[in-house]
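First up is the structure itself, then whatever we jot down about it.
Coordinate-derived values only; no laboratory data. Values in this document were obtained by computation on a predicted structure and should not be read as measured data. Backbone-built Cβ (ideal geometry, glycine too); neighbour counts: all protein chains shown.
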Amino acid sequence: MSDINVTPFVDVMLVLLVVFMVAAPLMTVGIPVELPKTQASAIPSEAEEPLTVTMTAEGQLMIQTTEVSQEDFLTRLRGIAEERADDRVFLRADGAIPYDAVMQVMGAMNQAGFANIGLVTELGDPALDQDGG
C-alpha cells in the first residue's frame, strides 16, 4: 500500500489549533490600572485596532503597551496620528490620578490630532448613586 496516512497529521494539527486558541488570549499583556466604575455602555468595536493611552497611578504614560516619557508623548502621538485613518483614541486613567493631569493628557492628545477621545471605565455602580435607585 503506497498511500500516505494523514490521520495522525490531522490529529496533531487539531491539537495545535486548540492549544493556540487557548493560549492566544493569555499572551495579551495588560497594564494594571484601577479604572473608575460607571454605568456607561460600551463603544462598538471597529476594524482598525483602537489606539489606547494609559496613565498609571505612578504617573507613567503608555501608548498601547509602550512606555513614553512626557516630553516625547506629543511627538509620538503626532507621528501615530499621521499614520492612522481613525482619529479615535481611548484613554485609560487610574482613578487615583488628579483631574488636572488627565485633562493635560487629553489636551495633548487633541493637539496631536485625535479629536475623538473616549474615557475607559469599568462597568459598576457609580459612587454618586448612594440610595441604590
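Counting every other Cβ atom within 10 Å of each residue's Cβ, D87, D72 order from fewest to most as D72, D87.
For each of F9, F90, F114, F73, count neighbouring Cβ atoms within 10 Å of the residue's Cβ, then give the residues from fewest to most.
Ordered from fewest to most neighbouring Cβ atoms within 10 Å, F9, F90, F114, F73 come out as F9, F90, F73, F114.
Sort the range 37-123 into rounded, prolate or oblate with this rule: let a ≥ b ≥ c be the square roots of the eigenvalues of the Cα gyration tensor; rounded if a/c is under 1.5, and if a/c is not under 1.5, prolate when a/b is larger than b/c, oblate otherwise. In terms of gyration-tensor shape, oblate. How many percent of DSSP beta bridges within the range 37-123 run antiparallel, rounded to 5? Close to 35 percent.
A simple count of charges around A96, restricted to other residues whose Cβ falls under 11 Å of its Cβ and scoring Lys, Arg +1 and Asp, Glu -1, yields -3.
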